[in-house]
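Encoded as structure tokens, the structure appears first; notes follow it.
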């Protein structure tokens with residue numbers, strides 16, 4: 001009898017657990033990699049102690065995917081929160097496009113993987129079947145992206161913080177180039193515009209005619225990226241103009257031996273010519289730029305060369321520990337300089353969802369937005385409440401509040 005009671009109790013416990021799992025609210029989040037750290041920490045901070053999670057990559061704040069299973073602090077809602085970071089523009093398109101509905105196949109399964117309270121790095125994760133996203137983080141307004149107008153839903157826009165960017169120089173194994181790069185400390189909007197269009201002699205940045213034989217070329221992000229959109233705006237290059245960005249060989253694991261314009265690509269359903277596209281994530285771009293250009297490397301004209309790129313501030317730390325960041329228009333990045341309008345490489349961070357989002361899914365999305373807006377935006381940028389300046393659009397005029 002006692003054995004039967006134990007079996008019955010066990011079965012009841014499993015049934016209760018199954019019902020609880022069935023009642024969990026699942027929220028799927030995609031979008032900006034530049035604001036990923038703040039987003040992840042915001043998610044963690046709305047959950048009660050004891051939640052479990054897993055992720056890909058070397059850290060939960062730097063990986064491409066993550067999943068959290070727990071209960072919210074407010075309302076005690078059982079939740080499964082899944083993140084698949086792909087880029088701002090692609091995130092907005094994924095949520096806003098009306099037909100065909102865009103789905104993603106890289107949501108980490110909460111049942112097919114072992115999750116732990118300490119967080120598990122998943123080397124071979126099991127993913128869900130293709131499913132649409134509920135929420136997108138974006139470094140730009142929807143109206144600035146391709147995912148706006150006929151065929152796209154106007155999304156609910158929660159501005160949750162300020163996301164900040166930097167231009168960063170690369171490394172060189174050539175002693176002469178390395179010495180010249182030490183004097184390359186600043187970039188102006190017009191210099192950035194020139195480099196993005198055609199590259200430029202290093203002498204234009206150092207002021208030394210001896211550096212005119214060394215060329216500076218840009219690496220960058222693909223058309224999915226809000227970081228790209230913001231920096232093409234800030235430099236006045238134009239978000240719909242065609243830069244010439246370069247692909248290094250190799251992209252990781254050694255010294256860069258050669259570069260070529262990024263191959264023609266199809267991104268978000270649109271075709272782009274050679275040079276137009278770039279890396280799909282800031283982490284991969286940082287890994288590439290952190291490799292020194294080999295001493296024997298030459299460009300297609302037989303000249304020595306150096307590389308630069310643009311990043312969100314968290315990803316820029318992956319290049320020489322952040323020591324290679326350039327000042328912009330003579331101003332070094334700092335939160336204080338952003339707050340007062342002195343440093344201008346920034347845009348607003350947005351959490352967006354469809355106006356049809358309802359119930360606990362919307363409740364959890366709003367909790368995440370509020371947590372980031374009031375506390376955690378500082379992990380990837382600046383709190384809105386501390387800003388003394390504002391702007392109406394990426395790259396737009398900054399005015400005092």
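Read-outs throughout are calculated quantities, based only on the coordinates presented, and are distinct from any laboratory measurement. Bear in mind the structure is a predicted one, so any value in this text is a computation, not a measurement. Because the Cβ atoms are built from the backbone with ideal geometry, glycine has one as well, and the counts that use them run over all protein chains shown.
Points to keep in mind about this one:
- Residues within the reach of a label modelled at residue 301 (point 7 angstrom out along Cα to beta-carbon, backbone nitrogen below 20 Å), restricted to region 196-225, are 196-220.
- Taking the fewest neighbouring Cβ atoms within 10 Å as the starting point, the ordered list for 227, 131, 61 is 131, 61, 227.
- Averaging 1/r across all pairs of distinct Cα atoms in the chain and inverting the result yields a Kirkwood radius of 22.2 Å.
- Square roots of five times the Cα gyration tensor eigenvalues for region 314-375, Å: 34, 14, 10
- Angle between the chain longest axis and helix 36-45 axis [Cα atoms, degrees, rounded to 10]: 30
- Placing pseudo-labels 7 Å out from each Cα toward the beta carbon at residue 159 and residue 179 gives an inter-label distance of 4.9 nm.
- Between 0 and 90 degrees, the angle of helix 359-374 with respect to the longest Cα principal axis of the chain falls at about 40 degrees.
- Cβ-based exposure ranking for 391, 221, in which fewest neighbours within 10 Å come first: 391, 221
- Residue 111-residue 397 pseudo-label distance in nm [points 7 Å out on the Cα-to-Cβ vector]: 5.7
- Normalised by 2.2 N^0.38 Å, where N counts its residues, the alpha-carbon radius of gyration of region 163-339 equals 0.95.
- Cα-based helix-to-principal-axis angle, 2-22 vs the chain, degrees rounded to 10: 40
- Sites residue 358 and residue 264 - FRET efficiency at Förster radius 45 Å, r taken between beta-carbons, to 0.05: 0.60
- Cβ-based exposure ranking for 400, 350, in which fewest neighbours within 10 Å come first: 400, 350
- Over the chain, Cα pairs under 8 Å with separation of 6+ residues give a relative contact order of 22 percent.
- Fraction of beta bridges assigned by DSSP in region 163-339 that are antiparallel (%, nearest 5): 60
- Full-extension gain in nm, residue 143 to residue 213, via 0.36 nm per residue minus C-alpha separation: 21.0 nm
- Span from the region 128-159 Cα centroid across to the region 317-371 one, whole angstrom: 17
- The separation of region 191-213 from region 44-119, counted between C-alpha centres, amounts to 42 Å.
- Placing dummy labels 7 Å off each Cα toward the beta-carbon, the span from residue 186 to residue 386 is 2.6 nm.
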